[in-house]
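A.B. asks: This is the structure I want to talk about, given as structure tokens.
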Amino acid sequence: MKMTQSLIFKVFALCALAVFCSCSMGAGPSSKALEIERVSVKDQALAEVEATPLEFVIKFQNDSAVWQRAKSFFSLYLEEEAVPGSRDKENHICSGSQRNPAYRYCIKRAPEKGGMRYQVKCLPLSSKAQPDFAERNARNLARFLRDGTLEVSLLER
């Protein structure tokens with residue numbers, strides 16, 4: 001079994017090398033070389049954050065963990081407790097007690113067929129706060145809610 005796996009790996013490696021060489025060496029001036037794109041970790045994270053929707057549906061069985069993650073964002077990152085965003089205290093929370101905040105975050109959830117629909121907003125409050133950064137902050141928070149990944153280096157305060 002090990003011999004077969006080793007042989008398969010060697011054949012695969014040789015084929016990959018042959019394809020790479022034929023792509024990168026070209027047969028003349030009209031052939032294209034293999035193009036390589038270098039992307040930094042920060043650029044990759046930014047692309048993922050910007051691709052995250054601000055509204056999404058979470059299955060009912062995952063809702064409790066996601067809502068707890070929402071509350072932890074306020075306490076861990078903003079260092080404040082979430083406050084009710086409306087009369088619906090159980091399904092709408094916002095930031096609010098921070099001194100001189102540049103941005104205000106709000107998270108709403110509502111039941112629908114198949115799960116809970118989440119809506120994330122980040123609003124610029126001060127003159128130094130930029131709308132583009134507010135949207136990126138909201139998308140970063142939405143990504144954190146959906147999969148637990150928060151890119152702290154991209155959050156503007």
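The values are calculated or read from the model by the stated rules, or taken from the named source; none is laboratory data. Just so it is clear, the structure is predicted and the values come from calculations on it, not from any experiment. Positions of Cβ are backbone-derived with ideal geometry, glycine not excepted, and every protein chain shown enters the neighbour counts.
A.B. asks: If you take the residues in the range 68-98 that are within 21 Å of residue 58 (Cα to Cα) and polar (S, T, N, Q), which one is surrounded by the fewest Cβ atoms within 10 Å (Cβ to Cβ)?
C.D. replies: Restricting to residues being within 21 Å of residue 58 (Cα to Cα) and polar (S, T, N, Q), the top hit is 68.
A.B. asks: Which residues, counting only those in the range 35-44, are in a helix (DSSP H, G or I) and not acidic (Asp, Glu)?
C.D. replies: Of all residues in the range 35-44, those in a helix (DSSP H, G or I) come to 41-44.
Those that are in a helix (DSSP H, G or I) and not acidic (Asp, Glu): 41, 42, 44.
A.B. asks: Taking only the range 109-135 into account, find how many residues are of a type outside the set (A, V, I, L, M) and under 18 Å from the mean Cα position of the chain (by Cα).
C.D. replies: Count: 8.
A.B. asks: Which residue out of 72, 127 is free of Cβ contacts under 8 Å to residues at least 60 places away in the same chain, polar (S, T, N, Q), closer than 21 Å to residue 49 by Cβ and out of contact with any Asp or Glu (no Cβ under 8 Å at 6 or more places or on another chain)? It would help to see each step written out before you state the result.
C.D. replies: On the way: 127 fails: closer than 21 Å to residue 49 by Cβ.
Being free of Cβ contacts under 8 Å to residues at least 60 places away in the same chain, polar (S, T, N, Q), closer than 21 Å to residue 49 by Cβ and out of contact with any Asp or Glu (no Cβ under 8 Å at 6 or more places or on another chain) holds for just one of 72, 127, which is 72.
A.B. asks: Return the only residue of 138, 47 being within 20 Å of residue 152 (Cβ to Cβ), under 17 Å from the mean Cα position of the chain (by Cα) and either free of Cβ contacts under 8 Å to residues at least 24 places away in the same chain or outside any helix (DSSP H, G or I) (or both).
C.D. replies: On the way: 138 fails: either free of Cβ contacts under 8 Å to residues at least 24 places away in the same chain or outside any helix (DSSP H, G or I) (or both).
Sole residue among the options that is within 20 Å of residue 152 (Cβ to Cβ), under 17 Å from the mean Cα position of the chain (by Cα) and either free of Cβ contacts under 8 Å to residues at least 24 places away in the same chain or outside any helix (DSSP H, G or I) (or both): 47.
A.B. asks: With the requirement that a residue be touching a helix residue (DSSP H, G or I) at 6+ places or on another chain (Cβ under 7 Å), at pLDDT below 95 and either of a type in the set (A, V, I, L, M) or within 20 Å of residue 69 (Cβ to Cβ) (or both), what does the range 123-145 give you?
C.D. replies: If the condition is that a residue be touching a helix residue (DSSP H, G or I) at 6+ places or on another chain (Cβ under 7 Å), at pLDDT below 95 and either of a type in the set (A, V, I, L, M) or within 20 Å of residue 69 (Cβ to Cβ) (or both), then 123 is the only one that fits.
A.B. asks: Let me ask something else. Looking for something within 23 Å of the chain's Cα centre (by Cα) and not in a helix (DSSP H, G or I) - is there at least one such residue anywhere in the range 63-71?
C.D. replies: No, the range 63-71 contains no residue that is within 23 Å of the chain's Cα centre (by Cα) and not in a helix (DSSP H, G or I).
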